[in-house]
1. Find the residue count for the range 118-172, including only residues that are more than 17 Å from Ala96 (Cβ to Cβ) and aliphatic (A, V, I, L, M).
2. Considering each residue of the range 210-260, count those that are in contact with a helix residue (DSSP H, G or I) (Cβ under 8 Å, 6 or more places away or on another chain) and under 23 Å from Leu276 (Cβ atoms), and give that number.
3. Is it true that Thr152 is crowded, with 20+ Cβ neighbours inside 10 Å, modelled with pLDDT of 95 or more, within 15 Å of Pro227 (Cα to Cα) and hydroxyl-bearing (Ser, Thr, Tyr)?
4. For the range 130-149, name all the residues that are crowded, with 16+ Cβ neighbours inside 10 Å and of a type in the set (S, T, N, Q).
5. So how many residues does the range 256-274 have that are on the phi > 0 side of the Ramachandran plot and touching a Ser or Thr at 6+ places or on another chain (Cβ under 7 Å)?
6. Within the range 171-193, restricting attention to residues that are farther than 21 Å from Ala118 by Cβ and under 19 Å from the mean Cα position of the chain (by Cα), which residue is surrounded by the most Cβ atoms within 10 Å (Cβ to Cβ)?
7. When the residues of the range 87-107 are narrowed to those that are surrounded by fewer than 21 Cβ atoms within 10 Å (Cβ to Cβ) and closer than 30 Å to Pro207 by Cβ, which ends up modelled with the lowest pLDDT?
Amino acid sequence: MLSLDEKRMRRLLPVFRWMLAYLPLPTMRRLQSFGVKNPLRLPAGVTKTNVQANGVPCEWLIPDGSADDRVLLYFHGGGFVYGWTNMHRYMVIRLAREMSVRALAVDYRLAPEYPFPAALEDCVTAYRWLLKQGFAAEHIVFAGDSAGGNLTLTTLLKLRDDGDPLPAGAACLSPATDLYDESRLEGTYDLVLHPRAMRSFRDAYIPHHDARDPLLSPVYADLRGLPPLLIHAGEDEALCDHAIRITELAKRAGVPVRLEIYPRMWHVWQLTVGRLPQAVQSLQDIGQFLKARIATEASKQ
């Protein structure tokens, strides 16, 4: 049986879906900025600090009592065109508390003003900055939602190919893993993502590149050598197929990976952590997985 909050969300989300598809990007950004600029009421016992990671704007979100040598590096979603939001902040804070670590959220450059590879470069830079600050790779984990899930995977691929030490593990929430093949989206209704919006996001991010580039669409990558992965997707979202395909690819490459598909859930339902028990359950599972990955890798040292 659907909860009252889930029923309300299912009534409201189609309005947001229409806005993403048909309102101009500048208008949607202005609407988004109203919420971001409102006074942020941080949960008690959490400190927020702005920092420049070799020129990349980031935020430290630090719960009281969190380990000072362990980090969740978070890449937010938003179709590569929308920025960091308060909803993302609350979700990341919840994850950091679940893990008893500090979180560094990357406010990467946005398309279309800064198309690929700007966002990827910023994510890579933020990780390398953490290493230079003295954080050990085995004490760092990645997570990201939607476009941020894409950046989680592509950042890992870029770091692996460049010979950088890799983090202990990574979690992807509703990741976009194929920016090339639209045919798999046909016939799928997503409460959040309209096909028109997804095409506009893709076109803004990759106007002059082959979308089959593995650093754009990790389903075309060789995933060998990546750290253990956890992938969460909603049963009713268009990108569920993306999650299934990247999981199968990771398994074939010998990467430890677990996929969880949540019944009835839509794209990045975890953002409703204050309302839906499915969001709480998902974030608890992700937090436990990432915390265990840090503990496992640290014990090897």
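1. Residues flagged as more than 17 Å from Ala96 (Cβ to Cβ) and aliphatic (A, V, I, L, M) within the range 118-172 amount to 14.
2. 11
3. yes
4. Ser146 - this is the single residue of the range 130-149 that is crowded, with 16+ Cβ neighbours inside 10 Å and of a type in the set (S, T, N, Q).
5. Adding up the residues that qualify gives 1.
6. So, considering only residues that are farther than 21 Å from Ala118 by Cβ and under 19 Å from the mean Cα position of the chain (by Cα), the one surrounded by the most Cβ atoms within 10 Å (Cβ to Cβ) is Ser174.
7. Out of the qualifying residues, it is Met87.
Residue-wise test of (1) modelled with pLDDT of 95 or more; (2) in a strand (DSSP E or B); (3) under 19 Å from Arg94 (Cβ atoms); (4) not aliphatic (A, V, I, L, M).
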position	(1), (2), (3), (4)
Arg224	yes, no, no, yes
Pro227	yes, no, no, yes
Thr247	yes, no, no, yes
Gly254	yes, no, no, yes
Ile261	yes, yes, no, no
His267	yes, no, yes, yes
Arg275	no, no, yes, yes
Gln281	yes, no, yes, yes
Asp285	yes, no, yes, yes
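The values are calculated or read from the model by the stated rules, or taken from the named source; none is laboratory data. Everything numeric here is computed off the predicted structure, so don't read it as measured data. Here Cβ is always computed from backbone atoms with ideal geometry, including for glycine, and neighbour counts include all displayed protein chains.
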